[in-house]
Amino acid sequence: MRAKIHLESGLREVLAAKGWEWPDKGVIEPPKDKQFGDMSVNLAMMLAKQAGKPPRAIAEEIAAAMADDARIARIDIAGPGFLNFTFAPSFWHETVAMVRDEGDAYGSSSMGAGTRVQVEYVSANPTGPLHIGHGRGAALGDSLVRIMEKAGYKVEAEYYVNDAGRQMLILGQSIWYRLKELAGKGPAEPEDYYRGDYIIDIARDVQAANPGIIDLPEAKAVEICKNHGMSDILDGIKEDLKAFGVRHDVWFSEKSLVADGMVDETFADLRKSGLGFEQDGAFWFRSTQFGDDKDRVLRKSSGDTTYFASDIAYHDNKFKRGFDLVVDIWGADHHGYVPRMMAACEALGKKGGLHVILVNLVNLLRDGEPVAMSTRAGEFETLKDVVDEVGSDAARFMFLSRKSDSRLDFDLELVKQKTMDNPVFYVQYAHARICSLAAKAAEAGIEAASPTSQALALLDTEYDMEVLRLLDQYPDYVESAAKTQSPHLISNYLQELASTLHRYYTNCHVLSAEGDIASARLMLLGCVASVVRNGLGLLGVSAPESM
């Protein structure tokens, strides 16, 4: 935020002039209690040993040295030597011009400096429709891509298609079983297979496309069922994600890892570094060198590769594509797998290049009652069903309302309510309310002022300052969300901004204000609408003009 940047610059000049080095634990931050001003600084306590003076004496010297700064209205010393700074209203007024001038670009930064980042998310097995849990990961990944791009990173979004392995075989067998059942030749119902009406629908499609399939050898028939089912389900996944406003730049096939020789290439690299070795006819990864309790098999003596082998080769390929940072979004049940994958990346020479975000479960409720979800049993609410019922905006905002590794209660009935208790309605209504006010102003012949010094001087109440301070913090929230890969920070900020707007509207007359005050306040509220729209865009949520 500008206040912190301006203050730090001034403080560093003072410390340099006095021959003091900036202390490692020096902190500049907004105080928890607003009565202590806009920014609180602990430098005096941290400098005591270095300067050889009592903290309060140091604080007095710093305050005296910065007394001529016209942008600072007051400097107070509290307790043992805390410095509390209150900025002049004119400093906060500058925010209005910045928001208006930068428009949709407000909040953008060069923090990422063009760093190449790949974010891989959803990557659900194409064995069934996406469910609500996948939706949370999809919203998180898509929003993170938007936020990191806003902060100056060069980002690519990817979906890893698990089109190889045992789960795909089970899918083919499940469709084949249903197909035989439809033909009146079904055997006893298998225990380990995918259920649900979608399997029956696919079986009918396969039968229609391959009239003689029932007489084919089982292995060939299962292969046809598997390929048809995977293609059909993957098309459905792509369609559902598109409707959810989710972007993927690359759809990467697991099969290609073997077909294009990527697994063999990675094995060769591990062997060359001494971290891959042959034993008992199998190929192993020396993971114990990275803290694992035992070495891990990558290729069995049968010649089959393990899931871990595919994952190592896949991440090796990511880094060879030139990404500086790889972000994986996984379900919380993969928690134990994270250290092993980190070790593999370190073995590939990319220590610190992988960051894993874990997404906890979504407790889907309807009027407070749990909704059962099981893909294998066919008892689940699909993402499509949820989006069709509550809308993409409500679903995305709710998914992003809490930190990803915390459990989330998602009540379908609550999310549909158009009340101030519904977070997404609360924020969107703030934007719609300002748009409605602007329309009424136009009818009354009142125009928003331009950010001249005269107009800005009319924004002089404590409520004006509260709004301006919060608008100034938006770029800081964007950078923090990108740096910590935490989109929920934007959601939280928007709820605070909406709350501040509604409080402002309650305490400050706008259209009925005297003289030019109405125009000045319309100008300020226009900035609020711009930032709300900006932030909602980072979450992939619309900003309606009427509700």
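Given the criteria open to solvent by 30 Å² or more (accessible area, probe 1.4 Å), in contact with an Asp or Glu (Cβ under 8 Å, 6 or more places away or on another chain) and at pLDDT below 95, does residue 384 qualify? Yes; evaluated as a whole, the condition is true for this residue.
Scanning region 349-368 for residues that are among the hydrophobic types (A, V, I, L, M, F, W, C) and at pLDDT below 95 returns 361, 362, 364, 365.
Regarding residue 336, is this residue at pLDDT below 95 and closer than 25 Å to residue 357 by Cα? For residue 336, the condition - at pLDDT below 95 and closer than 25 Å to residue 357 by Cα - is met. Of the residues examined, residue 304 is not one that is surrounded by fewer than 19 Cβ atoms within 10 Å (Cβ to Cβ) and in contact with a Ser or Thr (Cβ under 8 Å, 6 or more places away or on another chain).
Consider residue 247 carefully, then state whether it is out of contact with any strand residue (DSSP E or B) (no Cβ under 9 Å at 6 or more places or on another chain), open to solvent by 30 Å² or more (accessible area, probe 1.4 Å) and not acidic (Asp, Glu). The answer is no for residue 247.
For (1) at pLDDT 95 or above; (2) surrounded by fewer than 19 Cβ atoms within 10 Å (Cβ to Cβ); (3) within 31 Å of the chain's Cα centre (by Cα), each residue gets a yes or a no:
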position: 154; (1), (2), (3): yes, yes, yes
position: 165; (1), (2), (3): no, yes, yes
position: 168; (1), (2), (3): no, no, yes
position: 184; (1), (2), (3): no, yes, no
position: 188; (1), (2), (3): no, yes, no
position: 191; (1), (2), (3): no, yes, no
position: 195; (1), (2), (3): no, yes, no
position: 203; (1), (2), (3): yes, no, no
position: 208; (1), (2), (3): yes, yes, no
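Scanning region 65-80 for residues that are open to solvent by 70 Å² or more (accessible area, probe 1.4 Å) and not in a strand (DSSP E or B) yields 68, 70, 71, 80.
Residue count for region 412-440 satisfying the condition of being touching an Asp or Glu at 6+ places or on another chain (Cβ under 7 Å) and more than 27 Å from residue 482 (Cα to Cα): 4. Restricting attention to region 180-208, the residues that are assigned to a helix (DSSP H, G or I) and under 21 Å from residue 163 (Cα atoms) total 8. Annotation note: Cβ proximity below 9 Å between a residue of region 30-42 that is among the hydrophobic types (A, V, I, L, M, F, W, C) and a residue that is open to solvent by 90 Å² or more (accessible area, probe 1.4 Å) and outside any loop (DSSP other than H, G, I, E, B) (sequence gap 6+ or interchain) occurs for 39/29; 41/29.
Apart from one condition, residue 49 fits all of (1) open to solvent by less than 60 Å² (accessible area, probe 1.4 Å); (2) at pLDDT below 95; (3) in a helix (DSSP H, G or I); (4) of a type outside the set (Val, Ile, Thr); the exception is (1).
Please enumerate the residues belonging to region 533-542 that are surrounded by fewer than 22 Cβ atoms within 10 Å (Cβ to Cβ) and either without any contact (Cβ under 8 Å) to a residue 60 or more places away in the chain or closer than 19 Å to residue 242 by Cα (or both).
Step one: list which residues in region 533-542 are surrounded by fewer than 22 Cβ atoms within 10 Å (Cβ to Cβ), which gives 533, 537, 542.
Of everything in region 533-542, those that are surrounded by fewer than 22 Cβ atoms within 10 Å (Cβ to Cβ) and either without any contact (Cβ under 8 Å) to a residue 60 or more places away in the chain or closer than 19 Å to residue 242 by Cα (or both) turn out to be 537, 542.
Quick check on this structure: which one of 133, 103 is at positive phi and assigned to a helix (DSSP H, G or I)? Step through it out loud before you land on a result.
Details: 133 fails: at positive phi.
Of 133, 103, the one residue that is at positive phi and assigned to a helix (DSSP H, G or I) is 103.
Residues in region 314-365 that are of a type in the set (S, T, N, Q), within 29 Å of residue 411 (Cβ to Cβ) and crowded, with 17+ Cβ neighbours inside 10 Å: 1 in all. For region 18-64, the tally of residues that are touching a helix residue (DSSP H, G or I) at 6+ places or on another chain (Cβ under 6 Å) and of a type in the set (Gly, Ala, Ser) stands at 5.
The residues in region 107-152 that are open to solvent by 30 Å² or more (accessible area, probe 1.4 Å), within 20 Å of residue 356 (Cβ to Cβ) and among the aliphatic types (A, V, I, L, M) can be counted, and the count is 0.
With the requirement that a residue be part of a strand (DSSP E or B) and either aliphatic (A, V, I, L, M) or open to solvent by less than 30 Å² (accessible area, probe 1.4 Å) (or both), what does region 278-301 give you? Don't jump to the end; show me each part of the working.
At the first step, the residues of region 278-301 found to be part of a strand (DSSP E or B) are 278-279, 282-285, 296-299.
If the condition is that a residue be part of a strand (DSSP E or B) and either aliphatic (A, V, I, L, M) or open to solvent by less than 30 Å² (accessible area, probe 1.4 Å) (or both), then 282, 283, 285, 297, 298 are the ones that fit.
With the structure loaded, tell me whether residue 60 is surrounded by 17 or more Cβ atoms within 10 Å (Cβ to Cβ) and charged (D, E, K, R) or whether it fails that test. It would help to see each step written out before you state the result.
Numbers: surrounded by 17 or more Cβ atoms within 10 Å (Cβ to Cβ): yes; charged (D, E, K, R): yes.
It is true that residue 60 is surrounded by 17 or more Cβ atoms within 10 Å (Cβ to Cβ) and charged (D, E, K, R).
Cβ-Cβ distances below 8 Å connect no pair with a first residue in region 159-176 that is under 22 Å from residue 135 (Cβ atoms) and of a type in the set (Lys, Arg), a second residue that is at pLDDT 95 or above and surrounded by fewer than 19 Cβ atoms within 10 Å (Cβ to Cβ), and a separation of six or more residues or different chains. Of all the criteria given as (1) under 29 Å from residue 1 (Cβ atoms); (2) assigned to a loop (DSSP other than H, G, I, E, B); (3) open to solvent by less than 50 Å² (accessible area, probe 1.4 Å), the one not satisfied by residue 450 is (3). Taking the listed residues 512, 530, 499, the one that is in a helix (DSSP H, G or I), over 16 Å from the mean Cα position of the chain (by Cα) and surrounded by fewer than 17 Cβ atoms within 10 Å (Cβ to Cβ) is 499, with no other qualifying.
Here is a check on your reading of the model: is residue 518 within 30 Å of residue 445 (Cβ to Cβ) and in contact with a Ser or Thr (Cβ under 8 Å, 6 or more places away or on another chain)?
Details: within 30 Å of residue 445 (Cβ to Cβ): yes; in contact with a Ser or Thr (Cβ under 8 Å, 6 or more places away or on another chain): yes.
Against the criterion (within 30 Å of residue 445 (Cβ to Cβ) and in contact with a Ser or Thr (Cβ under 8 Å, 6 or more places away or on another chain)), residue 518 qualifies.
Taking the conditions (1) under 30 Å from residue 520 (Cα atoms); (2) under 38 Å from the mean Cα position of the chain (by Cα) in turn, residue 70 satisfies each one other than (2).
I need the full set of residues from region 23-34 which are surrounded by fewer than 10 Cβ atoms within 10 Å (Cβ to Cβ) and not basic (Lys, Arg), in order please. Step through it out loud before you land on a result.
Restricting attention to region 23-34, the residues satisfying the condition of being surrounded by fewer than 10 Cβ atoms within 10 Å (Cβ to Cβ) are 24-25, 32-33.
Matches in region 23-34: 24, 33.
The values are calculated or read from the model by the stated rules, or taken from the named source; none is laboratory data. What you see is a predicted model, and the numbers here were worked out from it, not measured in a lab. In this analysis, Cβ positions are derived from the backbone assuming ideal geometry, glycine residues included, and neighbour counts consider all displayed protein chains. Surface accessibility is based on the protein's heavy atoms, side chains included, excluding ligands, DNA and RNA. Shrake-Rupley method; radii C 1.70, N 1.55, O 1.52, S 1.80 Å.
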